[in-house]
Amino acid sequence: MKTLRRLWHSNRIALIGFVIAALAVAFFAVRMLAFTIYFADPAHRLGPIMGWMTPGMVARTRHLPPEAVAEALGLDPAAPRRKTLGEIAAERGVPLEVLIEPLQSLLERP
């Protein structure tokens, strides 16, 4: 306790900086541990296909060829796929579930 009091009086700014840095390290360490435990469960790694996902993301996370995903969605394989599935469904005027059905059937194939 004497050392802490001495540091507070002689190096106040350095001590405050050290405490802030230590709290930041502790925060990120706990956060990393929580994410590691959460994503260790395979059910959390591959959640359902959602509207915010892009066709490229679906292809990468599900280990599918991008051409097969583009074909299942009826997209031009050469065109850039930066639109989300929700945007594609809105452009076509169809519910998102209708757009996701071919992707689900693509995933169920052996």
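Restricted to region 82-95, and to residues there that are over 18 Å from LEU46 (Cβ atoms) and part of a helix (DSSP H, G or I), the residue that is farthest from the chain's Cα centre (by Cα) is ARG92.
Return yes when PHE39 is of a type in the set (Phe, Trp, Tyr), modelled with pLDDT of 90 or more and surrounded by 10 or more Cβ atoms within 10 Å (Cβ to Cβ) and no when it is not. Answer is no for this residue.
For region 42-69, filtered to residues that are charged (D, E, K, R) and without any contact (Cβ under 8 Å) to a residue 24 or more places away in the chain, the residue that is surrounded by the fewest Cβ atoms within 10 Å (Cβ to Cβ) is ARG45. Among the residues of region 18-25, none qualifies, meaning not one is exposed (fewer than 15 other Cβ atoms within 10 Å of the Cβ), modelled with pLDDT under 90 and not in a loop (DSSP other than H, G, I, E, B). Consider region 54-81 and keep the residues that are part of a loop (DSSP other than H, G, I, E, B) and under 16 Å from LEU99 (Cα atoms). The one that is modelled with the lowest pLDDT is ARG81. Cβ-Cβ below 7 Å, separation at least six or inter-chain, first residue in region 70-81 and assigned by TED's automatic domain parsing to the domain that holds VAL94 and under 19 Å from GLY93 (Cβ atoms), second part of a loop (DSSP other than H, G, I, E, B) and not aromatic (Phe, Trp, Tyr): which pairs? Listed by first residue and then by second, the contacts come to LEU75/ARG81.
Is it the case that some residue within region 28-43 is closer than 23 Å to SER105 by Cα and assigned to a helix (DSSP H, G or I)? Yes, some residue in region 28-43 is closer than 23 Å to SER105 by Cα and assigned to a helix (DSSP H, G or I).
The values are calculated or read from the model by the stated rules, or taken from the named source; none is laboratory data. What you see is a predicted model; the values in this text were computed from it and never measured. So basically every Cβ, Gly included, is an ideal-geometry build from the backbone, and we count neighbours across all protein chains shown.
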